[in-house]
Amino acid sequence: MACYVDGFVLPVPKKNAAAYRKMARKAGKLWIEHGALEYRECIAEDVKPGKQTSFPQSVKLKAGEVVWFSWIVFKSRAHRDRVNAKVMKDPRLGGMSALAMPFDAKRMIYGGFEIAVDLRGGR
């Protein structure tokens, strides 16, 4: 089954990691409740600046920040659009405006992707 993925790369100040995790758990529960298939948030552990480009360079990483890589999986783009519309209308999302985020939302990179290759191993 080919799915659709919303992907995100963002810089989070290390001092705000706990606040970001709390916000991500809250948001993730809403996405799953409204129909998303998966919700993942990953913190950079082995990510180095590159010569041309890299995750740190993509978000203009500053001292004291760490890169987060996140994604949400949906059945299709249409399914993504339906789920996101429900999440955006959910009053429990309140207080998650760009100004209240524990990171600089202006440096977040995001977009929607069709899965082109889907291989899975045993878990």
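Assorted remarks:
- Beta carbons closer than 7 Å, at least 6 apart along the sequence or on distinct chains, pair a first residue in the stretch 102-122 that is modelled with pLDDT of 90 or more and in a strand (DSSP E or B) with a second that is surrounded by 10 or more Cβ atoms within 10 Å (Cβ to Cβ) and of a type in the set (A, V, I, L, M) for 109/9; 109/59; 113/5; 114/2.
- Consider the stretch 33-46 and keep the residues that are free of Cβ contacts under 8 Å to residues at least 40 places away in the same chain and surrounded by 15 or more Cβ atoms within 10 Å (Cβ to Cβ). The one that is nearest to residue 75 (Cα to Cα) is 37.
- Residue match in the stretch 80-95 (condition: of a type in the set (A, V, I, L, M), surrounded by fewer than 17 Cβ atoms within 10 Å (Cβ to Cβ) and under 16 Å from the mean Cα position of the chain (by Cα)): yes
- Among the candidates 75, 48, residue that is over 16 Å from the mean Cα position of the chain (by Cα), basic (Lys, Arg) and within 23 Å of residue 120 (Cβ to Cβ): 75
- Meets criteria (among the small types (Gly, Ala, Ser) and either crowded, with 18+ Cβ neighbours inside 10 Å or farther than 23 Å from residue 115 by Cα (or both)) for residue 50: yes
- Boolean, residue 88 is among the aliphatic types (A, V, I, L, M) and out of contact with any strand residue (DSSP E or B) (no Cβ under 9 Å at 6 or more places or on another chain): yes
The values are calculated or read from the model by the stated rules, or taken from the named source; none is laboratory data. It should be emphasised that the depicted structure is a prediction, and the values quoted were computed from it without experimental measurement. As a convention, Cβ positions derive from the backbone with ideal geometry for all residues, glycine included, and neighbour counts pool all protein chains shown.
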